[in-house]
Amino acid sequence: MGDFTVLAVSCIFVNNILLAQFLGNCPFLGTSKKMETAVGMAMAVVFVMVMAGLITWIVDHYLLKTLDIEYLRTVSFILVIASLVQFVEMFLKKSIPALYAGLGIFLPLITTNCAVMGVCLINIKEEYTFFQALAASLFYAIGFGLALIIFAGLRERIDLARVPKPLQDTSIGLVTAGMISLSFFAFKGMV
Amino acid sequence: MIESILFMVGLGGCASLVLSFASKIFYVYEDPRIELVEANLAGANCGACGFTGCSAAAEAVVRGDEPPSVCVISNKEGVERVAEIMGMEAGTAESPHAYNMCEGGDRATNRYRYLGIQSCKAMAVMFGGKRDCHIGCIGLGDCVRACNFNAVRIGPKGYPVVNDDKCVGCGACQKACPKDIIEVRTLSEKILKFNQLSDPLAPCSQTCPAEIDVPRYIAQIRQGQYKEAVRTIRMRNPLPLTCGRVCPHPCEEECRRGVEDEPVSINQLKRFASDYEMNSGKRIPIKCAPDSGRKIAVIGGGPSGLSAAFFLRRLGHQVTIFESMPKLGGMLRYGIPEYRLPKKVLEWEIQGILDLGVESFTYVKFGVDFGLGSLVAAGYNAVFIGVGAWKDYSLGIEGEDMEGGFTGIDFLSRASKGEELDLGKRAAVIGGGNTAVDCARTLLRLGLEKVYMIYRRTRAEMPANEVEIAASEEEGIEFVFLASPTRLLDKDNSKRVCRIEYLKMQLGEPDASGRRRPEPIEGSETVLDVDTVVTAIGQSPDSVFKERDPHARMTELELTRWNTIENDPETLTTTIPYVFTAGDAATGPSLVVDAIGGGRRAARSIDLFLKGKKIEPVKESLQNKRIPESIFSRVPGVEPVPRVRMPERKVEDRINSFDEVDLVLGEQNAHKEANRCLNCCRLCYNPDKPAMGPV
Ligand SMILES: Cc1cc2nc3c(=O)[nH]c(=O)nc-3n(C[C@H](O)[C@H](O)[C@H](O)COP(=O)(O)OP(=O)(O)OC[C@H]3O[C@@H](n4cnc5c(N)ncnc54)[C@H](O)[C@@H]3O)c2cc1C
Ligand code: SF4
């Protein structure tokens with residue numbers, strides 16, 4: 001159990017996928033203008049990251065490793081994740097239309113999210129067991145959501161402030177992101 | 001090498017197999033139009049339309065929940081193509097346009113800037129409004145920044161001005177505005193807008209039963225834009241000429257100028273603008289929404305029926321009016337006398353409504369010549385009943401039915417039809433309301449020598465308008481107060497009235513209505529010599545349409561104790577789903593503006609009904625309520641300027657003819673009066689003054 005706590009702290013705070021590893025920056029900037037959108041995106045990421053983490057772990061262990069073709073990992077992961085998202089989309093549309101409507105456009109958008117890909121690759125690189133991989137994916141996703149929601153909250157406030165013209169919008173967004181990232185740096189001492 | 005290729009092909013094959021099976025298993029039927037519509041949306045998935053992505057927006061369009069113009073960034077052609085896919089003819093889709101509720105007002109002394117705040121939204125968040133006014137425009141231009149089409153700018157007066165040609169109706173400005181100052185609406189939406197608690201409304205607009213945007217048209221008159229002023233009035237009131245003459249203007253009672261000075265002569269200004277249109281001889285074109293193909297029957301051609309017909313027609317529906325009298329107009333024609341509302345004026349006004357394409361049949365009585373069944377069979381989708389209140393109450397005293405005894409409405413309608421009536425030389429009118437006053441003044445004009453008005457209470461309690469009472473005093477009508485008629489007497493059994501006997505009264509304890517109850521004084525019988533007695537003590541709706549209609553459904557229509565039609569005052573629905581009502585038939589005898597407001601409210605419900613939507617009351621409806629902070633009790637800085645007096649005809653001239661008594665204001669005076677308006681609740685920041693506070 002202790003292991004999982006450490007894993008959680010490490011994935012959510014110390015190695016936060018957005019703020020420490022700088023993956024998934026496009027949705028970070030693109031969907032953080034409004035709180036509502038940020039929450040939608042965070043939910044979709046949690047969902048897809050966990051699914052992708054699972055499937056890619058299985059593919060890696062039972063196909064790539066047994067066939068000794070690990071050098072095809074990146075390519076095959078892309079294929080698997082893309083099909084997975086498509087599949088999940090169809091499944092949700094038929095079976096859980098409410099969830100489908102909630103996640104809406106964010107689901108297909110994640111197909112090309114590097115954070116998802118990154119988490120899958122990290123899982124393999126760190127040689128996690130199946131359950132560790134599962135937990136790590138979930139925690140990374142939570143970390144992603146956390147950072148995104150904090151950022152969206154800040155940006156909504158910044159919208160009301162008087163920002164010099166050249167710094168408005170994305171520029172001030174990037175500056176803010178940098179500062180949050182710095183503050184997350186403080187977690188480095190924890191583990 | 002080979003194995004890696006084989007592996008990738010295999011993996012790809014598996015994935016596509018799984019996906020193709022999944023697409024069969026998880027197949028959900030989708031309207032093929034959704035895809036077509038989506039292809040014509042901008043495809044940015046920006047979510048600005050309020051949906052999660054373009055496909056969700058496309059679905060909403062196909063469901064019919066959203067107009068083809070749902071996408072905020074697609075251009076006109078895109079919207080037209082979507083309309084085409086949806087089977088609406090290209091171009092017939094109603095296009096929304098931004099509309100600025102706020103016409104600007106007096107300036108707050110300075111613009112207040114707190115630290116970094118430079119947006120309206122921030123200002124609204126920090127101060128719950130603005131420093132001087134909770135309601136008006138803040139003027140920092142969030143709407144300008146929100147507009148992608150450069151259609152909005154902050155005008156010289158500090159409030160947004162919309163360029164109609166550039167506006168695509170995307171709604172971005174409306175979303176950005178924290179004060180609901182700028183709104184994006186289609187014509188239908190504008191017509192069906194009702195006052196809400198959150199609207200920036202001046203006290204007068206809140207009070208007007210027809211909900212006319214008073215300060216807006218006054219401002220337009222001030223600027224010499226008379227046509228625009230008439231258009232503003234017509235958005236809410238199809239009978240401005242009539243109301244400009246006969247409305248007792250409840251709006252003027254709440255006028256804030258009245259707190260420090262005399263209220264603005266609002267109704268005179270309305271009359272000025274609408275008379276301007278009539279005298280110009282050219283009708284201002286009235287826009288209608290595209291045809292909907294629905295048919296509505298309007299029973300009764302009084303103000304409520306005309307109002308419902310006018311608004312329903314403008315919403316694109318096909319309307320037919322059925323009227324039992326020889327001509328349209330209801331009480332306006334057969335009740336209100338010529339000297340207050342000339343028939344020529346009424347004729348011109350009604351023709352304008354018919355010209356929109358409203359059909360009318362006269363001489364047909366609902367319940368007698370036709371009924372609910374025949375309307376349904378003829379393909380009418382909804383029925384509006386605005387039959388008014390035409391049945392006079394009688395006093396129930398001896399001798400009432402003798403020759404020379406009349407009832408109010410009966411007398412007025414016969415007089416206005418020009419019937420020869422044998423009236424003698426002296427007359428008494430019983431009652432103290434507007435109908436009674438109208439009867440008395442009409443009698444005087446018909447050449448009688450002496451006209452008495454007999455009323456149970458005193459002058460202070462008379463329900464008639466003060467102006468009317470004063471006018472009849474001037475004209476020489478004699479008031480007999482605190483008198484209750486007991487019988488009408490004839491001479492030598494001739495069955496012709498020659499005297500009226502009444503008991504004197506005194507005022508006792510206040511009754512439930514707070515007025516002191518008159519009590520008879522024993523043995524105080526007094527007699528007046530008169531040849532004609534008109535009883536005008538109130539009316540109720542004539543329910544013949546219910547009693548005589550053989551259609552089984554009619555039994556479901558419930559009436560109240562006062563014979564009015566049972567209805568929901570917010571939606572004006574009745575106990576039959578497709579029957580609606582308004583006006584005197586719904587409320588009991590009331591005012592023309594009430595009937596007009598009711599007609600529009602009923603039009604809204606009918607429109608919802610025809611579209612298959614649930615008929616719900618307007619959200620946060622203001623009906624009969626006030627926005628508390630807008631009824632300020634002091635208006636500093638107002639220098640008293642007396643209101644412009646209404647010109648009227650001299651007494652000697654007027655009692656000998658039916659010529660109109662009140663005359664219209666001249667242009668100069670109208671400007672003078674319009675300048676007295678304070679443009680309440682529309683106080684904005686002064687864009688020219690430097691900002692105050694820390695920067
Ligand atoms: C003498 C008098 C003076 C007034 N003065 C003023 C004033 O100065 N200011 C003011 O604001 N208000 C005034 N009013 C009140 C005002 O006229 C009414 O409130 C208003 O006309 C009500 O409109 P309505 O459409 O509900 O009914 P009405 O105007 O009564 O119209 C009803 C119409 O339905 C028709 N009808 C009735 N039964 C049938 C049937 N079975 N089939 C077909 N058609 C039918 C009638 O012929 C009539 O044309 C006055 C009223 C009277 C009587
Ligand atoms: S001053 Fe003008 S805006 Fe204010 S209540 Fe009177 S008419 Fe309406």
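Every read-out reported here was derived from the displayed coordinates using simple, explicitly stated rules and does not represent laboratory data. Quick caveat: nothing in here was measured; it's all calculated off a predicted structure. A quick note on method: Cβ atoms are made from the backbone with ideal geometry, for glycine too, and the neighbour counts reach across all protein chains shown.
Centre-to-centre separation between the Cα atoms of segment B:148-203 and those of segment A:80-101: 40 Å.
Neighbours of A:L121 by Cβ distance under 15 Å: Lys/Arg scored +1, Asp/Glu scored -1, total -1. Taking the Cα centre of segment B:391-540 as reference, the dipole from Cβ charges on Lys and Arg (+1) and Asp and Glu (-1) amounts to some 140 debye.
Taking each residue in B:300-311, count the Cβ atoms of any other chain within 10 Å of its Cβ, then average. What number comes out?
Details: counts 0, 0, 0, 0, 0, 0, 0, 0, 0, 0, 0, 0.
For peptide B:300-311, the averaged partner shielding equals 0.
In whole Å, what is the distance between the alpha-carbon centres of segment B:458-508 and segment A:5-47? For segment B:458-508 versus segment A:5-47, the Cα centre distance is 85 Å.
Over chain B, what is the relative contact order in whole percent, taking alpha-carbon pairs under 8 Å and six or more residues apart?
Working: 1400 pairs, mean separation 126.9, N = 695.
Dividing the mean separation by the residue count of chain B yields 18 percent.
Any chance you could tell me what percent of the C-alpha pair distances in segment B:391-540 go past 25 Å? Mind showing how you got there, number by number?
On the way: 2662 of 11175 pairs.
Percent of Cα pairs beyond 25 Å in segment B:391-540: 24.
Taking the Cα centre of chain B as origin, sum charge times position over the Cβ atoms of Lys and Arg (+1) and Asp and Glu (-1), and report the length of that vector in debye to the nearest 20.
Numbers: 87 positive and 94 negative charges, 387 e Å.
Dipole of chain B, to the nearest 20 debye: 1860 debye.
Principal axis extents of the Cα atoms in segment B:479-584, from largest to smallest and rounded to whole angstrom, are 55, 40, 20.
Here is the list for segment B:352-421: chymotrypsin sites (Phe, Trp or Tyr not before Pro) lying in DSSP coil, each with at most 12 other C-beta atoms within 10 angstrom of its C-beta, are B:Y363. For segment A:1-148, the percent of C-alpha pairs falling in each 10 Å distance bin, counted from 0 to the bin holding the largest distance, reads 12, 42, 35, 11, 0. Between B:S324, B:Y380, B:A536, the Cα set farthest toward the positive side of the dipole of chain B (charges on each charged residue's Cβ, about the Cα centre) is that of B:Y380. Taking a quarter of the surface of the Cα convex hull of segment B:1-56 gives a mean projected area of 6.1 nm². Give the cross-link partners of A:K165 among the lysines, using a straight C-alpha distance below 28 Å as the criterion and excluding same-chain residues fewer than 8 apart. Reachable lysines: A:K33, A:K34, B:K121, B:K130, B:K157, B:K166, B:K175, B:K179, B:K689.
When you filter the GluC sites (Glu not before Pro) in segment B:544-592 for DSSP loop state and at most 12 other Cβ atoms inside 10 Å of their Cβ, you are left with B:E558. Shape analysis of the protein assembly as shown yields a ratio of the Cα radius of gyration to the Kirkwood radius, Rg/Rh, of 1.11. Ordering B:S74, A:A52, B:N563 by Cα displacement along the dipole of the protein assembly as shown toward the positive end leaves A:A52 in first place; charges were set at the Cβ atoms of Lys, Arg (+1) and Asp, Glu (-1). For the peptide B:3-15, the mean number of other protein chain Cβ atoms found within 10 angstrom of a residue's Cβ is 4.
Which order results if B:I154, B:I500, B:I2 are arranged by neighbouring Cβ count within 10 Å, fewest first? Write down the numbers at each step before the final one.
On the way: B:I154 16, B:I500 28, B:I2 6.
Listing B:I154, B:I500, B:I2 from fewest to most nearby Cβ atoms yields B:I2, B:I154, B:I500.
Could you tell me the distance between the Cα centroids of segment B:405-447 and segment B:570-585, to the nearest Å? One Cα centre to the other: 32 Å. Rounded to the nearest 20, the Cβ-based charge dipole of the protein assembly as shown about its Cα centre (Lys and Arg +1, Asp and Glu -1) stands at 2180 debye. Looking at the protein assembly as shown, the DSSP beta bridges with both ends there are about 45 percent antiparallel. Comparing B:A471, B:G418, B:S484 along the charge dipole axis of segment B:391-540, the residue lying farthest to the positive side is B:A471, per the Cβ-charge model.
For segment B:422-490, what's the relative contact order in percent, using C-alpha pairs closer than 8 Å and at least 6 residues apart? Could the numbers behind the result be given before it?
Numbers: 101 pairs, mean separation 24.3, N = 69.
Computed value for segment B:422-490: 35 percent relative contact order.
Lys and Arg at +1, Asp and Glu at -1: add these up for the other residues within a Cβ distance under 12 Å of B:E566 and post the number. Please report the intermediate quantities before stating the final value.
Values: positive: B:K546, B:R561; negative: B:E556, B:E558, B:D568.
In short, -1.
Other residues whose C-beta falls under 13 angstrom from the C-beta of B:C247 contribute a net charge of 0, scoring Lys and Arg +1 and Asp and Glu -1.
Per the helix-only calculation at 222 nm, which mean residue ellipticity applies to chain B, given -39500 (n - 2.57) for every DSSP H run of n ≥ 4 and division by its residues, nearest 500 deg cm²/dmol? Walk me through the numbers before you get to the answer.
Values: 27 runs with 235 residues, N = 695.
Calculated from helices alone, the mean residue ellipticity at 222 nm is -9500 deg cm²/dmol.
Here the scattering of chain B is modelled by Debye summation over its C-alpha atoms, one equal scatterer each and no solvent; at q = 0.05, 0.07, 0.09, 0.10 Å⁻¹ the log10 of I(q)/I(0) is -0.31, -0.58, -0.89, -1.06. Relative to the longest principal axis of the C-alpha atoms of chain B, give the angle of the C-alpha long axis of helix B:2-25, reported between 0 and 90° and rounded to the nearest 10°. For helix B:2-25, the angle is close to 20 degrees.
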